[in-house]
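Notes follow once the structure below has been shown.
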Amino acid sequence: MTLYARFAAHIDAVLDSLEAEGQLPAGLERRNVAVEPPRDAAHGDLATNAAMVLAKGAKTNPRALAGLIAPKLDELAEVERTEIAGPGFINIRLSPTIWQDELRAILVGGEAYGRSALGQGQRVNVEYVSANPTGPMHMGHCRGAVVGDALAALLEHAGYAVTREYYVNDAGAQVDTLARSAWLRYREALGESIGDIPEGLYPGDYLVPVGRKFAEEFGDRYAAAPESEWLQLFRRRTVDAMLELIRSDLALLGIHHDLFASEADVQASGAADRVLQTLRDKGLIYEGQLEAPKGETPEDWEPVELTLFRSTQFGDDQDRPMKKSDGSWTYFGADAAYHLQKAGKADQLINIWGADHSGTVKRIQAGVRALTDGRVELDVKIVNMVRLFRAGEPVKMSKRSGNFVTLREVVEEVGKDVVRFIMLTRRADAPLDFDFAKVVEASRDNPVFYVQYAHARISSLHRKAKEEGFDLSGESDLSLLDEDELSLVKVAAQYPRIVEAAAMAHEPHRIAFYLNDLAAAFHALWNKGNDDPSRRFLLAQSPELTRARLELASAIGQIIRNGLGLMGVAAAEEMQ
RNA sequence: GCGCCCGUAGCUCAGUUGGAUAGAGCACGAGCCUUCUAAGCUUGGGGUCACAGGUUCGAAUCCUGUCGGGCGCGCCA
């Protein structure tokens, strides 16, 4: 139980007793009562808004109600003193032993410190990456991959049962294009001269080894055969090869999915038909026509009868087709079936999507709501684009020519840890600039460096202590730590709260920002030793104080490791 | 035309889901290295939280509208 949860319970108990004494009407809505660290540390360690939230219902004014609550909090052993401030906040200053205990708790908890049971084992399915299996991963996919993976880890940490899933779009026309492109490479591998790759096919040379493999396996059996003889086979086999490629790219980032779900399988299983029938039974399907899209009207627009889903009943702007006029499934039709499949095994769904799919969020949420009768919630996190720079100059990319920056190139240049960290240094839905020069810069401006540097300092501190023969056995006396040192503990003690809040909000970037703050607080304390040598961590003349300070440093190091671990980043023992 | 996201210091961005005097970094000014790593730290100036209304004890945060920017719109995937 976190410190904050403990105090929330204390306040609850105080309110109960006020009710029992008849000082407070029973049954007031307490949902908005919060216990938080105040923004300004001078206000104390904790603050509660209880009096302000409840005053109206209690038909009194906030400060008067605070006057009833505060004395009861004062009676707690953990509380040093309270004061009523501003419009009716109750500020609580905790006794120093609380922070000494919390420091100990961090050390005892180790890797587990910050885990919580918030999720109560609820099943969450996080679907992320889901890049089309038509080529290697490039930078466009990278951010969603990292955000999804960090979110999955975060939720796991917060007590959810997480499935990491990848949806393979292996049913659409682009897979035909892929198969034809591979067939060309296959003929090339057989010695044919294929010239330039025709417009509309995938030109990337990652298909060359695939063609070679096919040539070895099939000989010239399909070289001159009509498409009907090889297309299905080449589709399946090329998709497999691409998935292998993608999996190895993801592995470079340390990302491993539990499940790869195939769109083609979903369609073949009849799930889409069942979904259509379910919706039909609910009266949500009709045959009709769509209006031409507004804005630029396509020249080839013709109204036709389509099988439409009444997604407008669930907040969409337009009803959406489930089936095309030729009877095949639309992407949405199959996707609805896929989401129902996921919903059958989860209590909560999360999709990580690129910004280019933001327009389709409403319809799929409508579909999930209709199909699960609102039982399962679908959150779609939109991940915005990454703009690549090299020392301030934009990096030119063109997918058409196959000249895009691959994930592999980036990881090989700057390293997995840097990529993962940087991808989490901005809110997911905001665009992010990635500058190859800046992300490896050793400066305050680079959060990866800055956080790693704090950890490296802590590691070097312990190495040094060992070298200099400090006795580190046994428990230290943490009451030797002064106010500045305990204030660092206070920052560290926020970690479990940050994890829970980030998990609830589905916002892994909060961990990165928090670590940056924690590192800043540590660097600041460290540097006090510059002005005042008695503030240094290692003091030959005070072994007891040294031990206490080393424990403090260990705890900070632990939090940094835990936080970085959530982000999938390894902590540095030393900086090169 | 419509939808989604966004608009916070000169620049790049946070802002604990409605809390107190809105915070960081960069840049600019002033300091701190015979050291456990100064790759850092301290400190100063810098704000109409796009604008206008509304909701309430209280709004950068919620609602409505306006202006500006990004992404998108299809029987594509």
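For chain A, the longest principal axis of the alpha carbon atoms and the long axis of helix A:509-531 meet at an angle near 40°. Relative intensity of region A:16-75 on a log10 scale, I(q)/I(0) at q = 0.21, 0.26, 0.29 Å⁻¹, equals -0.86, -1.20, -1.36, per a Debye sum over C-alpha point scatterers of equal strength in the absence of solvent. Relative to one another, the C-alpha centroids of region A:141-194 and region A:499-533 are positioned 35 Å apart.
Against the longest alpha carbon principal axis of chain A, how many degrees, from 0 to 90 and to the nearest 10, is the axis of helix A:331-343 turned? Result, in degrees: 40.
Between rounded, prolate and oblate, where does region A:190-345 land on the alpha carbon gyration tensor, with a ≥ b ≥ c its root eigenvalues, rounded for a/c under 1.5, else prolate if a/b exceeds b/c?
Here region A:190-345 falls in the prolate category.
Phi angles across region A:549-560 convert, under the Karplus curve 6.51 cos²θ - 1.76 cosθ + 1.60 with θ = phi - 60°, into 3J(HN,Hα) values of 5, 5, 5, 4, 4, 4, 5, 5, x, 4, 5, 4 Hz, Gly and Pro given as x. Quickly work out the A:Tyr286-to-A:Asp517 label distance, labels modelled 7 Å from Cα along the C-beta direction, and quote it in nm with one decimal. Roughly 5.2 nm, to one decimal. Taking a straight line from the alpha carbon of A:Lys528, these aspartates and glutamates sit under 15 Å away, with near neighbours fewer than eight places off in the same chain left out: A:Asp482, A:Glu483, A:Asp484, A:Glu485.
Rounding to the nearest 10 and keeping the result within 0 to 90°, find how far the Cα-based axis of helix A:271-281 lies from the longest principal axis of chain A. Taking Cα atoms only, the helix is inclined about 80 degrees.
For chain A, the per residue solvent-accessible surface stands at 47 Å², with DNA, RNA and ligands left out and a 1.4 Å probe. Quick one: in region A:376-451, what % of C-alpha pairs are over 15 Å apart? The calculated P(r) of region A:376-451 puts 62 percent of pairs beyond 15 Å. Estimated from helical segments only, the mean residue ellipticity of chain A at 222 nm is -15500 deg cm²/dmol, where each DSSP H run of four or more residues counts as -39500 (n - 2.57). A cut-off of 5 Å between modelled amide H atoms, ignoring neighbours fewer than 5 places along the same chain, links A:Phe434 with A:Arg387, A:Leu388, A:Phe389.
Looking at chain A alone, DSSP beta bridges between its own residues are antiparallel in about 50 percent of cases.
Sorting the Cα pairs of region A:477-572 by distance into bins of 5 Å, from 0 upward, gives 3, 13, 22, 22, 16, 11, 8, 4, 1, 0 percent per bin. Working from Cα pairs under 8 Å separated by at least six residues, relative contact order for region A:118-267 is 33 percent.
Packing, as the average of other Cβ atoms within 10 Å across residues, places the peptides A:251-261, A:159-169 in the order A:159-169, A:251-261, highest first. Normalised by residue number, the volume inside the convex hull of the Cα atoms of region A:134-233 is 132 Å³ per residue. Residues in region A:87-95 carry Karplus couplings, in order, of x, x, 5, 10, 8, 10, 9, 8, 6 Hz; the curve used is 6.51 cos²θ - 1.76 cosθ + 1.60 with θ = phi - 60°, and Gly or Pro positions show x. Dipole orientation for region A:234-275: of the candidates A:Gln267, A:Ser248, A:Phe234, A:Phe234 has the Cα lying most toward the positive pole (charges on Cβ; Lys, Arg +1; Asp, Glu -1). Ligands, DNA and RNA aside, A:Leu486 has an accessible area near 20 Å² when probed at 1.4 Å.
For region A:538-543, the Karplus equation 6.51 cos²θ - 1.76 cosθ + 1.60, evaluated at θ = phi - 60°, returns couplings of 9, 10, 4, 7, 10, x Hz by residue, with Gly and Pro reported as x.
Give the shape of region A:374-529 as rounded, prolate or oblate, defined through the alpha-carbon gyration tensor: a ≥ b ≥ c are the square roots of its eigenvalues, a/c under 1.5 means rounded, and otherwise the shape is prolate if a/b is larger than b/c and oblate if not. Oblate.
Rounded, prolate or oblate: which one fits chain A, using the alpha carbon gyration tensor with axes a ≥ b ≥ c (rounded when a/c is under 1.5, else prolate when a/b beats b/c, else oblate)? Judged from the Cα gyration tensor, chain A comes out oblate (a/c at least 1.5, b/c at or above a/b).
Quick one: net charge of A:Gly270's neighbours, Cβ under 15 Å, K/R +1, D/E -1? With Lys, Arg at +1 and Asp, Glu at -1, the net is 0.
Over chain A, calculate the relative contact order: mean separation of alpha carbon pairs under 8 Å at least 6 apart, over the residue count, as a percent.
Once divided by the residue count of chain A, the mean separation gives 14 percent.
The values are calculated or read from the model by the stated rules, or taken from the named source; none is laboratory data. From a predicted model like this one, the values you see are computed outputs, not experimental measurements. We place every Cβ from the backbone using ideal geometry, glycine too, and count neighbours over all the protein chains shown. Just the protein is used for accessible areas: all its heavy atoms, side chains included, with ligands, DNA and RNA removed. Shrake-Rupley method; radii C 1.70, N 1.55, O 1.52, S 1.80 Å.
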